[in-house]
Structure formats: C-alpha cells, structure tokens
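The values are calculated or read from the model by the stated rules, or taken from the named source; none is laboratory data. Treat the numbers as computed from the prediction; the structure is a model and nothing was measured. Glycine gets a Cβ as well: all are built from the backbone with ideal geometry, and neighbour counts include every protein chain shown. The area values use the complete protein model at the heavy-atom level, side chains included, leaving out ligands, DNA and RNA. Shrake-Rupley method; radii C 1.70, N 1.55, O 1.52, S 1.80 Å.
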Amino acid sequence: MRFVKIIAGVVLLVGCAAVGLLYYQTSRHAPQLKEWVAAVNEEGILSVQLRRVESGLFSTLAETAIAVGEGELLLNHRLSSGLTGTTIHSTFALNDPATAALLRELDIQGLSAATLTTQVGVGGFDSVANVPALAVALDDTTALSVAPATVHFRQQGAASQSRLELPEICLTEGSTTLRCTHLVADSRQPDKENPLVGEGTLQLERIALTDAAQPLQLEAHGLRLQAQTRMDPSFVSSARYQMDLVQVGTLPLTDIDLQTTLRDLDGAALNRLLTWQQQCATADEDRLPELFSQAVPLLVDILDDRPSLEINNLTLTVDAAALQGSGKATLEDIENLLASGFSDFSRLGSAEGQLRFSSQLVEKLATLFVVLQGLETAEQAPSAEAVAQVRDQLQGFIDQSPFFTKTAEGYQTAVRYRDAQLEVNGKRLL
C-alpha cells in the first residue's frame, strides 16, 4: 500500500510539474510570437506586424498583418503549449472582409487554404508551410498551375536553413506548355549576421517543353545545381550545374557539366548593397533620387578588386562525341569605363579560354541543326541526306576557319584577349 502511495505521489508531482510547465510556456506565448515576427521581418522577404494577442490558460490567440502592395492580409494564429515547446498554427483570416477581398483580387485559386505550422523551442523555431494546389490566369492565354507544395524554414541561434518541395509546376501559353516535375531546393546560412556566406542546392527531376502545334519536344532530366558563397577574404561564389539528359526531338545530349567560380568581389561593399536595396524598397519617393545617386559609386566599390569569372570545366557529351572547355574573364578597369560614359570597353578587362571537341561532334551538331529545323518543316525524324548536307557545310567552315586547329582527337581553339588585342590560336586578329 505504501508503494502505491509513493507511485501516486510521484505521478501527482510529475503531473503538477507538467501543468506548471505548460502554464509557464503559455505565459511565454506573447514574447515568443514577437520573436517569431521579428525573425520573419529580419529575413526581409515579408513585412509582418503583430496586431492582437489574447492569452488563455494553455493557449493563445493572435492576429498578424502581412503587407501586400497597398493592402494587408490578416492571419489568425493559435499558440498551444507542449512539453517540447510552443506550436503556432496559422491560417488566413477569411472572416476579415479586407483579407477576403484581397485574396479574391490576387485571383490565385487555392491560396486561401494555405497553412503554416511553427514549432518554437529554445533558441530557435521550425516552420512548415503547406501550400495547396494553386492556379492563376496570368492573362487571356497564359495560365500557371502549381501542385501542393511544402516550404520548411528552420532557425537555430544564428544559423538558418530552408527547403522547398514542389511536385509539379506547369506554365501554359496558348498551345505551348512548360512543365517542371519534382523540384527540391535547399539553402543553408551559418550566420544571419553574414548573409553573404551560405550554400544551396537545387534538384529538378524533369523539364519538358511541348507545343501541340509543333512536333518537336524539348526535354531535360536530372538537373542539379550546387552553389556556395564564402569570404576568402573577398567574396567568392562557386557553382556546379549538372544535367543527366537533354532530349532535343530525337537527339539526346547527355552528361552536361558546368563548374564556375566568381571571385574577388568586395564583401564589405556587397553588404552595403544589401542595405541599399532594403532602403530603396522602403524609402519614400522624395528620398529615391538620393539613393539612386549612390548606385554607381557602390558598383565601383564592389568591382574595384578586379573580380574574375572562371569556367573551371565545361563538358558536353552526345553519345560518344564530347566537348570540353575552360576559361577565365577578369574585370580590370571599371573606372575607365565609367569615365568614358560607357563608350570605351576596349581596356575593361582580359579573358582567355580553351575549347576542345571530337570529330564525331560535327555529325551530332549537324543532326541537331536539322532536328531544330523540324520546327518549321514539321519533320519528326531528320533524313540522312539533310544531315549529310549540313555536316559537310559545318566541316568546310571548321576546316577553313582561323578559330579552329586540327588535333588527333578532333579540333581545338584557344582565345586570349588583353590590352584591346585579340589572339586566336596564337595569331593576332585585332
């Protein structure tokens, strides 16, 4: 009996502690909501105001307003406490006449049913927006439809990350349709105080462009984009674009790989540019001329460290035919260009690049050209005679052109531009 009393006492103490914790968390609802609104505003994408807070014993009701053009969209929030923190459920305030009217004016079918769930814990929050299927008529002949999507945003301390999952988006204009399938985008930012540093990825399973009035179809599979920005010590941005397959009519282009690096932009000036953009977005019309006058000096500061764009690698494979290339362009004298009133580009910078491709690629390019001509001739499959004719023309141009030199594997070209002089394969052309 004594053992039962001890167990009952422990259960009672735990229950009282849990109730006390829930009550304490409820008392924190208003401060947490203010922190959440401040964090959303800090992202700079939305402008949100907290309008009303009504606290209960274990839950809280609140109302916020999102600025949309000249109007506002009101959102209802219900905050409930749990042992792991506070959960905020948000929906559009459809009972508000102005909100309902603005949603009708936006004319996006399904938008009113969107919901947002936010979990607020120690040192951060986790938000998931569930967006229903959307449909909007952009004009009389153009329509956009979006399948149900999910947007996930998480902030913990100074770090944040976001994720967009979109099963399908379809844009139709007349008889032409662009359809993108299974898009997933991720971004990560380690420190909100340094918005220039972060990384992101984008994956797209399929893109298809079709036209009911034409036989040719363009289709791409397996698009992947990886990007990273860092300070080293100036701003550096690197990216890699990959695609498994591009189908142009009956011709497949496979294994497309492009890697680029943008480096030596002034990081401090870029941070000032972000501040300048926010000021322009919220400034009164009377102050806009003053802000616009700061644009050119700010551009000079950003480009003053001789930034460069590098193509680290470019690879394109068409069956066994391959193309490879690399290059670099450097901006050297932005001030001279500004002094000339944007009329003298001759000494703006320097550039160099190399391109190599196999002999088999000439045949594939000829086939591609004939396939693209099918847009006008309505021929689905290219004829061997047409391909041979175009191939001979391309071959003649390449053999006679000073831009290409013959190699054991195919052809190559090397281009160099500096001090207003252009060299191709070691020969000066300008």
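Can you name the residue in segment 48-95 that is at pLDDT below 80 and assigned to a loop (DSSP other than H, G, I, E, B) and, of all such residues, is most open to solvent (accessible area, probe 1.4 Å)?
Glu70
Check Ser383, Ser401 and return the single one that is within 26 Å of Ser350 (Cα to Cα), modelled with pLDDT under 85 and among the small types (Gly, Ala, Ser). Lay out the reasoning, then the answer.
On the way: Ser383 fails: within 26 Å of Ser350 (Cα to Cα).
Going through Ser383, Ser401 in turn, just one is within 26 Å of Ser350 (Cα to Cα), modelled with pLDDT under 85 and among the small types (Gly, Ala, Ser): Ser401.
For residues in segment 351-380 being assigned to a helix (DSSP H, G or I) and modelled with pLDDT under 70, which is least open to solvent (accessible area, probe 1.4 Å)?
The initial filter retains those residues of segment 351-380 that are assigned to a helix (DSSP H, G or I), namely 360-377.
In the following step, the residues that additionally are modelled with pLDDT under 70 were identified as 374-377.
Values: Gly374: 1, Leu375: 79, Glu376: 169, Thr377: 77 Å².
Here the answer is Gly374.
Looking at segment 314-331, which of its residues are surrounded by fewer than 17 Cβ atoms within 10 Å (Cβ to Cβ) and either at pLDDT below 85 or closer than 30 Å to Gly249 by Cα (or both)?
Thr315, Asp319, Ala320, Gln324, Ser326
Which of the residues belonging to segment 194-215 are among the β-branched types (Val, Ile, Thr) and either assigned to a strand (DSSP E or B) or out of contact with any Ser or Thr (no Cβ under 7 Å at 6 or more places or on another chain) (or both)?
Scanning segment 194-215 gives Thr201, Ile207, Thr210.
Quick check on segment 216-240: of everything there that is aliphatic (A, V, I, L, M) and assigned to a strand (DSSP E or B), which residue is nearest to Gly267 (Cα to Cα)?
We begin by selecting, within segment 216-240, every residue aliphatic (A, V, I, L, M); these are 216, 218, 220, 223, 225, 227, 231, 236, 239.
Keeping just the survivors that are assigned to a strand (DSSP E or B) gives 218, 220, 223, 225, 227, 231, 236, 239.
On the way: Leu218: 40, Ala220: 36, Leu223: 30, Leu225: 23, Ala227: 17, Met231: 7, Val236: 9, Ala239: 18 Å.
Top of the filtered list is Met231.
Taking only segment 149-170 into account, find how many residues are of a type outside the set (S, T, N, Q), within 21 Å of Leu46 (Cβ to Cβ) and either crowded, with 16+ Cβ neighbours inside 10 Å or without any contact (Cβ under 8 Å) to a residue 24 or more places away in the chain (or both).
Counting residues in segment 149-170 that are of a type outside the set (S, T, N, Q), within 21 Å of Leu46 (Cβ to Cβ) and either crowded, with 16+ Cβ neighbours inside 10 Å or without any contact (Cβ under 8 Å) to a residue 24 or more places away in the chain (or both) gives 8.
Look at Leu196 and say whether it is out of contact with any Asp or Glu (no Cβ under 8 Å at 6 or more places or on another chain), open to solvent by less than 50 Å² (accessible area, probe 1.4 Å) and modelled with pLDDT of 85 or more. It would help to see each step written out before you state the result.
On the way: out of contact with any Asp or Glu (no Cβ under 8 Å at 6 or more places or on another chain): yes; open to solvent by less than 50 Å² (accessible area, probe 1.4 Å): yes; modelled with pLDDT of 85 or more: yes.
Criteria met by Leu196.
Listed residues Ile302, Ile311; which is within 27 Å of Leu258 (Cβ to Cβ), touching a strand residue (DSSP E or B) at 6+ places or on another chain (Cβ under 9 Å), open to solvent by 40 Å² or more (accessible area, probe 1.4 Å) and among the β-branched types (Val, Ile, Thr)?
After applying the criteria, what remains is Ile311.
Return the pair list, or none, for Cβ contacts closer than 7 Å from residues in segment 406-430 that are closer than 14 Å to Ala351 by Cβ to residues that are loosely packed, with under 11 Cβ neighbours inside 10 Å and of a type in the set (A, V, I, L, M, F, W, C), at least 6 apart or on different chains.
What qualifies is Gln421/Leu430; Leu422/Leu430.
Within segment 176-193, take every residue that is assigned to a loop (DSSP other than H, G, I, E, B) and acidic (Asp, Glu) and give me the one that is surrounded by the most Cβ atoms within 10 Å (Cβ to Cβ).
That would be Asp191.
Conditions first: (1) more than 28 Å from Thr87 (Cβ to Cβ); (2) out of contact with any Cys (no Cβ under 7 Å at 6 or more places or on another chain); (3) buried (at least 16 other Cβ atoms within 10 Å of the Cβ); (4) at pLDDT 85 or above. Glu173 passes all but one, so which condition is the exception?
So the condition that Glu173 fails would be (3).
Where in segment 101-144 are there strands (runs of 3 or more DSSP E), lying wholly inside it, with at least 3 residues that are open to solvent by 40 Å² or more (accessible area, probe 1.4 Å), out of contact with any Pro (no Cβ under 7 Å at 6 or more places or on another chain) and without any contact (Cβ under 8 Å) to a residue 60 or more places away in the chain?
Result: 115-121.
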